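One structure is given below, encoded as structure tokens.
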Amino acid sequence: MRKNTESTPMTTKKRNSDQIIWENFLCGDDEAYTYIYREYSQALYAYGMHFTSDKGLVEDCIQDVFIKIFQNRRHLQSTDNIKLYLFIALKNKLFNIFRKDIKYSQIDSLEPVFAAEYTIEDEIIENEREQFLNEKMIRMLEVLSPRQKEIIYYRFVEGLSYEEICQIMDMNYQSTQNLIQRSLKKLRTTFSQAEMQFVLLLLISM
């Protein structure tokens, strides 16, 4: 796998901070554990809701993830990206349930589809213009396959690097690059340059 060449001083600082917080948690620091929960539980909820509309299921899975990391912290590996670590844990937890319970599975797939909705039910859109822009973006993203929507989300909403996307989607570096390029090409061939700039800027601002 290629080395990550996308690091900036800001991301390097964040990773150093994450590594310190995670190591403190692994060493039994309950304040570090509380910080991790408060910092990432809402992001995990928003992420989980892209795979299912079952709010109770997502909430239960998040609680299970935090219980498991607390119980097993003496045996967990180090990480310099806590959010990515938790995203992967939640995705694996959800998918294990989806594979066991037929009601969560798609007819043509063993895995759930990644939904295009980038707002959740509890998030208040303050005015009609924001509602319009959000709906327009969702309609534009509907031309993409679920896999393409997912990778665009990781790249432009969560700002993950290619290597981080490789981890969460279980893909190699070249396949990750190819899928992102195909997704962007599909958007470019479907929409004007102005519309493309609009949707990417809106994604980044979320």
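Count, please, the residues in region 44-59 that happen to be part of a helix (DSSP H, G or I) and loosely packed, with under 14 Cβ neighbours inside 10 Å. Don't jump to the end; show me each part of the working.
Here is the first cut: in region 44-59, the residues part of a helix (DSSP H, G or I) are 44-48, 55-59.
Going one step further and asking which of them are loosely packed, with under 14 Cβ neighbours inside 10 Å, we end up with 56.
Total meeting the criteria: 1.
Starting from residues that are farther than 17 Å from Y35 by Cβ and in a helix (DSSP H, G or I), keep the ones in region 68-83 and report whichever is least open to solvent (accessible area, probe 1.4 Å).
Ranking the candidates gives K68 first.
Is there any pair with a first residue in region 131-147 that is closer than 20 Å to M169 by Cα and at pLDDT 70 or above and a second that is hydroxyl-bearing (S, T, Y) and surrounded by 14 or more Cβ atoms within 10 Å (Cβ to Cβ) whose Cβ atoms are under 8 Å apart and which are 6 or more apart or on different chains, and what are they?
L144/S183
The values are calculated or read from the model by the stated rules, or taken from the named source; none is laboratory data. Please read these numbers as outputs of a predicted model, since none were measured by experiment. Every residue, glycine as well, gets a Cβ built from its backbone with ideal geometry; the counts of neighbours run over all protein chains shown. Calculation scope for accessible area: heavy atoms of the full protein, side chains included, ligands and nucleic acids excluded. Shrake-Rupley method; radii C 1.70, N 1.55, O 1.52, S 1.80 Å.
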